[in-house]
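These notes are about the structure you will find just below.
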Amino acid sequence: MSRIGVHGTMQGSILKITDSSSVFVSKINALQDNAAWREAMWRTFYNVYIKYSVQQAKQRGFSSALTIGSFVDTALNQGASGDSGSLESVLSRSGNSTDEKTFMTNFYAKRTLIVDTNQYNQPPNGKNRVKQWSTLLSMGKTDLKDADAAVISVTNWTMK
């Protein structure tokens, strides 16, 4: 952080930025044309969120885009591992069914219980997103082909 001029402290596994929002945003905006910064952000995004989510899906014998997307969404919003709301923790409480639809139904139920807590989301945004994923599953849109139309059909709420 000091290399980019941003100040903050770690509170457990969460980085708390101590700069004002305007200072922080201006420092990050100044990095947008920095190729090394962009590469580092994408590499981190892939390694921390996507790679881990794909590994978790494969471990369970699942490969659908919907399951992987659901896992990435959870990891991005609640952390990949660590506290009780992380992807790792929600997965551990979702049972061990080898049937993807059954497992994901349990996963969505467990995630719904905590998604709008612990600064993960502003209620009801988290529960609404989980409902979107769950509705796509019930519609059979697990490959997410032509997902734009399907997502529009399950999005009937506004971010708060």
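So R38 passes all but one of these: (1) among the charged types (D, E, K, R); (2) in contact with a Lys or Arg (Cβ under 7 Å, 6 or more places away or on another chain); (3) free of Cβ contacts under 8 Å to residues at least 12 places away in the same chain. Which condition number does it fail?
For R38, the failing item is (2).
May I ask you to list the residues in region 1-25 that are part of a helix (DSSP H, G or I), of a type outside the set (A, V, I, L, M) and surrounded by 13 or more Cβ atoms within 10 Å (Cβ to Cβ)? If you could, list the steps in order and put the result at the bottom.
Our first condition is that a residue be part of a helix (DSSP H, G or I); within region 1-25, this holds for 2-4, 21-25.
With the extra rule that they be of a type outside the set (A, V, I, L, M), the set shrinks to 2-3, 21-22, 24.
Of everything in region 1-25, just one residue is part of a helix (DSSP H, G or I), of a type outside the set (A, V, I, L, M) and surrounded by 13 or more Cβ atoms within 10 Å (Cβ to Cβ), namely F24.
Considering each of R38, R43, R111 in turn, give the residue that is of a type in the set (K, R) and crowded, with 18+ Cβ neighbours inside 10 Å.
Only one candidate passes the filter, namely R111.
May I ask you to say which residue of G61, G69 is more than 22 Å from Q119 (Cβ to Cβ), of a type outside the set (S, T, N, Q) and touching a residue at least 40 places away in the same chain (Cβ under 8 Å)?
Details: G61 fails: touching a residue at least 40 places away in the same chain (Cβ under 8 Å).
Residue meeting the stated conditions: G69.
Quick check: is even one residue across region 83-101 open to solvent by less than 50 Å² (accessible area, probe 1.4 Å), in a helix (DSSP H, G or I) and among the β-branched types (V, I, T)? First the steps, then the outcome.
In the first step, residues of region 83-101 are kept if they are open to solvent by less than 50 Å² (accessible area, probe 1.4 Å); the result is 85-87, 89-91, 94-95, 97, 100.
Of the ones still in play, those that are also in a helix (DSSP H, G or I) are 87, 89-91, 100.
Restricting the remaining residues to those that are among the β-branched types (V, I, T) gives 90.
Yes, because at least one residue in region 83-101 is open to solvent by less than 50 Å² (accessible area, probe 1.4 Å), in a helix (DSSP H, G or I) and among the β-branched types (V, I, T).
Sort out which residues of region 102-133 are of a type in the set (A, V, I, L, M, F, W, C), closer than 24 Å to I152 by Cα and not in a loop (DSSP other than H, G, I, E, B), and write them in order of number.
Going residue by residue through region 102-133, those that are of a type in the set (A, V, I, L, M, F, W, C) are 103-104, 107, 109, 113-115, 130, 133.
So of that shortlist, the ones also closer than 24 Å to I152 by Cα come out as 104, 107, 109, 115, 130, 133.
The answer is M104, F107, A109, V130, W133.
Consider only pairs whose beta carbons are under 6 Å apart and that are at least six residues apart or on different chains; among these, list those whose first residue lies in region 105-119 and is more than 14 Å from L87 (Cβ to Cβ) and whose second residue is aliphatic (A, V, I, L, M) and open to solvent by less than 70 Å² (accessible area, probe 1.4 Å).
T112/V130
Does region 114-160 hold any residues that are aliphatic (A, V, I, L, M), modelled with pLDDT under 90 and surrounded by fewer than 17 Cβ atoms within 10 Å (Cβ to Cβ), and which are they?
Residues satisfying the conditions are L144, A147, A149, V151, I152, M159.
Counting only residues that are open to solvent by 60 Å² or more (accessible area, probe 1.4 Å), within 13 Å of the chain's Cα centre (by Cα) and more than 21 Å from K131 (Cα to Cα), which one in region 50-82 is modelled with the lowest pLDDT?
Per the stated criteria, the residue is S81.
The values are calculated or read from the model by the stated rules, or taken from the named source; none is laboratory data. Only a predicted model underlies this, so the values are computations on that prediction, with no experimental measurement involved. Because the Cβ atoms are built from the backbone with ideal geometry, glycine has one as well, and the counts that use them run over all protein chains shown. Side chains included, ligands, DNA and RNA excluded: accessible areas come from the protein's heavy atoms. Shrake-Rupley method; radii C 1.70, N 1.55, O 1.52, S 1.80 Å.
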